[in-house]
Structures are given as structure tokens and as C-alpha cells.
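In what follows, a single structure is set out as C-alpha cells and then discussed.
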Amino acid sequence: MTVMAVMTQKVTAPQGDAALRKEDAAPRKGEVAAVPAAGVAQPLVGSAVAAGELGLSRGELARAVQLGIVRAGPPTAGGAARFARAELARVREAAAGPPDALRRQVETVAGAQEAAGVLGVGPSRFTRLARCGHLTPVGYRINRYRAVVWLYLVAELKEFAGREPLMLRGTASAEDRELLAAKGDLRPRTWRGRHVGLLLRRTADPWARAAVLAAVLPEDELRAAVPDPAERIVLAALAPPPPYGHPQVPAAAAVAEGLLRAGPPDEVHWYRTSLEFALTGARAQSKSTGERGPT
């Protein structure tokens, strides 16, 4: 696939969480028909219909897609998300139990005050645990003061409370005290690791996987790791959209952009090394099949 073809594909068929925010334009309340490889028509429904059938809000459905609980089908030409009826049935069966079982899987709380309440501890202790990397955010939002408000899965908080009761009562470890004394905060880093991992699990395409890793690197590191401008164009065209909840207001978006890039030198090194390894496989695929990217 040529560079121009890849860029065209990116523009006409956006994927991921951003597609869930687009308006449904299909007839019959979002229902359309798709033809799978076997040639048998499979009904696809829009995100509003899918959310209703799963007992979720649109935001909860987007979170379920982010977490890999629900797999989105091929989007419309305009990029709106679509979901196969068979996939919705699979999700409902997997979430068998209480009527709100699926909703509990994606339920989140925002900020230290709410999250601490789930754990039954004070906000300061919760903040310490999160800053020291013991709890990983699932998302973020930027408040009106341009401060980052981290989101946490309620199910994970409850699981942590059951698994680590001593951490909810005991004193901080020497390692944690050292990190806090240095004013360290692992929340952005642990969130990035989770976000990248979720994106990588969505695709087996080597160029798309390389693009996920490239998107985390600062610009100067990316240029050093990928000196070929043509390859950088391909990676940029395949870059994942901003995560669900990424603000649209420019001032808030500027703050959030800083969360998307690796910061500490060892983190940058890890992503750069991973990108170089991924590119080796992607280039080999292009040479053998010519499917995507420069050869």
C-alpha cells in the first residue's frame, strides 16, 4: 500500500474511541447491513442502539470498547461506530448475572475524593497509592482549572482493597516514601502503559502497532528512531485517535496532550526500543507482501 493510500484510508475510515462520538447517519435508527467474508449479511447497529441493547450509556459503551469488552465492527463511511448483532449477543452472554453486571465492569469514579470513598480510606492516602503506581487510572478529564482529574474503574478499586488490605492501613514503604519525597507521580506513566497496551491488543497489523508506539514518543525521539520521512508519514496516518474523554477545548486539550507522550528517560527508551523492534517486523512484511508502508 502506498503512503497516499494509507493516508486516504486513515481519513475515510477512522477507528477507535473517536468514532463513537460521531453521529449515526444510517437509516432505521442506526441499523445497516454488512457483508462478511462468507457473504452472509450480518446486521450492524449504531452506537446508540448498541448501548441501549447492552443497558449502557453512550459513554459507558465507549469505555467498554476502550477496555476490549465490546468489539466494534466496520465503521460507516463517515466514521460512525457500528456493532454486529452477534457481538452484542456475545457480550450479553459473557456478562450473564445481575442486570447491571456489564455496567459494573465499566463504572468509573473521578478524582481522589470519590475513589478514596470506594476504598474506604482518606483522599491523601488514596493519592499516595495512585502516585506511587499501586493504582492505575483508566482515563482522565481536564477540569475548568486545567487540572488533570484521573478516572478509576470501581471494580479495580474494590479488587485492590480485597487484595491489599494492609496497604490501606499500613505505613508507606521506603520506596514509596522516596518517590514522594522526590515529588514523583507515576499516574501519567501507568495510564500511558495501560492505554498503549489496550491499543496494541486491538490490532495485529505490524504497521498499526508501530504507529501506536510512535504516537507515545516525543517528536525529537520519533525523528531519531524513524529517520525516513516516508515512514513517519505512514505512522502518522495510522496513529490512533485521542482516547475517549480527550477534551475538545483547545486550552484543555493542550494540557491533555502532555499526558499522551512518554516523559521519563527510561520510559522514552522503552517505547523507542519497542518501536524499533516493531518497525523491523513491519518493514519485513512490506518487503514480502507490499501490503503497507514503504519498501
Item to check | Lone unmet requirement of (1) at pLDDT 95 or above; (2) over 18 Å from the mean Cα position of the chain (by Cα) for G293 | outcome: (1)
Item to check | E257 being within 18 Å of R187 (Cα to Cα), open to solvent by 30 Å² or more (accessible area, probe 1.4 Å) and among the acidic types (D, E) | outcome: yes
Checklist entry - What is the number of the single condition among (1) more than 18 Å from T190 (Cα to Cα); (2) crowded, with 21+ Cβ neighbours inside 10 Å that P123 does not meet? => result (2)
Checklist outcome for this item: Reported set for segment 83-93 where residues are under 11 Å from I69 (Cβ atoms) and in contact (Cβ under 8 Å) with a residue 12 or more places away in the chain is E87, V91
Checklist entry - Are any of the residues in segment 70-89 farther than 19 Å from G245 by Cβ, modelled with pLDDT of 85 or more, surrounded by fewer than 16 Cβ atoms within 10 Å (Cβ to Cβ) and of a type outside the set (D, E, K, R)? => result yes
Next on the checklist: So in segment 261-273, with the set limited to residues that are open to solvent by less than 30 Å² (accessible area, probe 1.4 Å) and assigned to a helix (DSSP H, G or I), which one is nearest to E221 (Cα to Cα)?
Outcome noted: V268
Next on the checklist: Restricting to segment 226-253, and then to whatever is among the charged types (D, E, K, R) and either in contact with a Phe, Trp or Tyr (Cβ under 7 Å, 6 or more places away or on another chain) or assigned to a helix (DSSP H, G or I) (or both), can you tell me which residue is least open to solvent (accessible area, probe 1.4 Å)?
Outcome noted: E231
Checklist entry - Out of segment 210-225, which residues are surrounded by 14 or more Cβ atoms within 10 Å (Cβ to Cβ) and more than 13 Å from the chain's Cα centre (by Cα)? => result A210, A211, A214, L217, P218, E221, L222, A225
Checklist outcome for this item: From the option list A37, A95, A26, single residue qualifying as open to solvent by less than 50 Å² (accessible area, probe 1.4 Å) and modelled with pLDDT under 50 is A26
Checklist outcome for this item: Among the residues of segment 274-290, the number that are farther than 15 Å from L213 by Cβ and surrounded by fewer than 15 Cβ atoms within 10 Å (Cβ to Cβ) is 5
Item to check | Tally, over segment 148-194, of residues that are in a helix (DSSP H, G or I), of a type in the set (G, A, S) and surrounded by 12 or more Cβ atoms within 10 Å (Cβ to Cβ) | outcome: 3
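The values are calculated or read from the model by the stated rules, or taken from the named source; none is laboratory data. Keep in mind it's a predicted model, so treat the numbers as computed, not measured. Virtual Cβ from ideal backbone geometry, glycine too; neighbours counted across all protein chains shown. With ligands, DNA and RNA removed, areas are computed over all heavy atoms of the protein, side chains included. Shrake-Rupley method; radii C 1.70, N 1.55, O 1.52, S 1.80 Å.
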